[in-house]
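The values are calculated or read from the model by the stated rules, or taken from the named source; none is laboratory data. As the structure is a computational prediction, the values presented were derived from the model and not from experiment. All Cβ positions, even for glycine, are placed from backbone atoms using ideal geometry, and neighbour counts span all protein chains on display.
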Amino acid sequence: MNFDTSCLHAGYRPGSGEPRNIPIIQSTTFRYETSGEMGRLFDLEASGYFYTRLQNPTSDAVAARLCALEGGTAAMLLSSGQAASFFSIFNIASAGDHIVSSTAIYGGTYNLFAVTMKRMGIQFTFVDPDCTEDELDEAFQPNTKALFGETIANPALTVLDIEKFARAAHAHGVPLIVDNTFATPALCRPFEWGADIVIHSTTKYLDGHAAAVGGAIVDSGRFDWEAHGDKYPGLTTPDDSYHGVTYTEKFGQGGAYITKATAQLMRDFGSTPAPMNAWLLGMGIETLPLRMARHCSNAQGVAEYLQKHEKVAWVRYAGLPGDKYYELARKYLPQGCCGVVSFGVKGGRAAAERFMAGLKLASIATHVADAKTCVLHPASATHRQMNDAELAAAGVAPDLVRFSVGLEDLKDLIADLEQALEEA
Ligand code: PLP
């Protein structure tokens, strides 16, 4: 199936007389005739469901759909994007290990890495995504277990050179994990450029309607854990907490990583999505290509309008010729650069606040990447835990306004911007 068809049909094909929509299996538990049958499921000897904290048919169908869209071998849904970021790393790193990450990442991910996971004994080195290959190389240590970056960073809107990052990761025998939230597989499929694992905050474009918080992890199945077995004993040696199973041996290169994250981390942390939320995500994905095309064309129109406005100090949108990331975007995002545009209003922070207060159609919301246009000042919201140096490293200017362009008529959006800029 081609991409647009997979959005509608991958992961669930109803049999004769069965529901055409993915059924919502809103049940915590599943009934069995014998304890023996149940035991085989616990031993990972048979596939099936016993408790929704670990797996649920609705979530699995939607995970399989997303897996097909990214071109992976296995996938799982989680209760949030934060859970996905955490699981993606904690599945292969523990106390005493080290991770290299791009500085241009979502503020919540930065906090998770730099503060919370540091307290768990995992050290992070942050690198400018635009650094040279040599600088990237120098960030690695013998105990480095992964390299992490965002395809289009929130809110800096830097475009990641995925091939450069993949080369560095593979030269050091570690996987590249890419947060593909803003691009979605409709605009970029990081596996095609060498990434090994993709994560998502599905809360954004994949759901698309600001209806359900969620996350996902997809494995490309291409990273050879056994070739680097000394680094990844959790995948390549028996798991005593799970009946001595060796994930790579039993589930192969394509299934080991996600099976471990499900059997071990989901069992212990329980970051499970509600089946209803998984279903909403599945519905959102059905229209993903149509929505992304409109988000991109609307955002391009808004960026071009802002660029010409005398009250606008600067605009960052990789679809604008002359933007620092224009060339990388042409390579990695040929169909468009998503719906998020960043800009600064002349007069700095105070003018930005006046402008935002003047908007009538766009709402001020701690959200981004959904059907209705919304706007945020990250330095006083999502990134307020960062000092000025950290903000600068993350590419977030104090006057940065993040404008998430929705699916409205472009003429109405520009009229709203026009009147709000007049007041700024
Ligand atoms: N990754 C990116 C790029 C994000 O923008 C966000 C949230 O804004 C997250 C991860 C965290 O996702 P969630 O809010 O679903 O936990």
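Checking each residue in the stretch 73-100 for being under 19 Å from F165 (Cα atoms), out of contact with any helix residue (DSSP H, G or I) (no Cβ under 6 Å at 6 or more places or on another chain) and within 14 Å of the ligand (Cβ to nearest atom) picks out S88, I89.
Scanning for something closer than 23 Å to G214 by Cα, part of a helix (DSSP H, G or I) and modelled with pLDDT of 95 or more, does the stretch 24-36 turn up at least one residue?
No, the stretch 24-36 contains no residue that is closer than 23 Å to G214 by Cα, part of a helix (DSSP H, G or I) and modelled with pLDDT of 95 or more.
Scanning the stretch 38-54 for any residue that is under 16 Å from the mean Cα position of the chain (by Cα) and assigned by TED's automatic domain parsing to the domain that holds L136 turns up nothing. Would you check if A216 is surrounded by fewer than 20 Cβ atoms within 10 Å (Cβ to Cβ), of a type in the set (G, A, S) and within 16 Å of the ligand (Cβ to nearest atom)? Taking the combined requirement at face value, the residue does not satisfy it. Here F148 qualifies as aromatic (F, W, Y) and touching a helix residue (DSSP H, G or I) at 6+ places or on another chain (Cβ under 9 Å).
Pairs meeting the criteria (first residue in the stretch 321-345 and within 24 Å of T373 (Cβ to Cβ), second residue of a type in the set (F, W, Y) and exposed (fewer than 15 other Cβ atoms within 10 Å of the Cβ), beta carbons under 9 Å, at least 6 apart or on different chains) are S342/W314; F343/W314; G344/W314.
Output yes when any residue across the stretch 372-392 is within 22 Å of M292 (Cβ to Cβ), away from the ligand (no atom under 15 Å from the Cβ) and either free of Cβ contacts under 8 Å to residues at least 40 places away in the same chain or not assigned by TED's automatic domain parsing to the domain that holds A210 (or both), and no when none is. Yes, because at least one residue in the stretch 372-392 is within 22 Å of M292 (Cβ to Cβ), away from the ligand (no atom under 15 Å from the Cβ) and either free of Cβ contacts under 8 Å to residues at least 40 places away in the same chain or not assigned by TED's automatic domain parsing to the domain that holds A210 (or both).
Taking the numbered list (1) at negative phi; (2) touching a residue at least 40 places away in the same chain (Cβ under 8 Å) in turn, T366 passes all entries but (2). Taken over the stretch 259-289, the criterion of being part of a helix (DSSP H, G or I) and touching a Cys at 6+ places or on another chain (Cβ under 9 Å) is satisfied by I285, E286, L288, P289. Screening C337 with (1) more than 16 Å from the ligand (Cβ to nearest atom); (2) surrounded by 15 or more Cβ atoms within 10 Å (Cβ to Cβ); (3) not aliphatic (A, V, I, L, M) gives one miss only, at (1).
Here L410 meets each of (1) touching a Gly at 6+ places or on another chain (Cβ under 8 Å); (2) under 22 Å from V159 (Cβ atoms); (3) at pLDDT 95 or above with one exception, condition (2). When you check T202 against the structure, is it of a type outside the set (F, W, Y), within 13 Å of the ligand (Cβ to nearest atom) and crowded, with 18+ Cβ neighbours inside 10 Å, yes or no? When the stated conditions are applied, T202 passes them.
Against the condition farther than 23 Å from V115 by Cα, more than 16 Å from the ligand (Cβ to nearest atom) and either over 20 Å from the mean Cα position of the chain (by Cα) or of a type in the set (V, I, T) (or both), how does D399 come out, does it pass? Considered against the rule, which asks whether it is farther than 23 Å from V115 by Cα, more than 16 Å from the ligand (Cβ to nearest atom) and either over 20 Å from the mean Cα position of the chain (by Cα) or of a type in the set (V, I, T) (or both), D399 comes out as yes. Exactly one residue out of S59, S94, S79 is in contact with a Leu (Cβ under 6 Å, 6 or more places away or on another chain) and among the polar types (S, T, N, Q): that is S59. Does H228 fit the bill of being at negative phi, within 16 Å of the ligand (Cβ to nearest atom) and not charged (D, E, K, R)? Criteria not met by H228. Determine if the stretch 1-10 includes at least one residue that is surrounded by fewer than 15 Cβ atoms within 10 Å (Cβ to Cβ) and in a loop (DSSP other than H, G, I, E, B). Within the stretch 1-10, one or more residues are surrounded by fewer than 15 Cβ atoms within 10 Å (Cβ to Cβ) and in a loop (DSSP other than H, G, I, E, B).
Of the residues R189, R222, the single one that is surrounded by fewer than 21 Cβ atoms within 10 Å (Cβ to Cβ), of a type outside the set (S, T, N, Q), in contact with an Asp or Glu (Cβ under 9 Å, 6 or more places away or on another chain) and assigned by TED's automatic domain parsing to the domain that holds G107 is R222.
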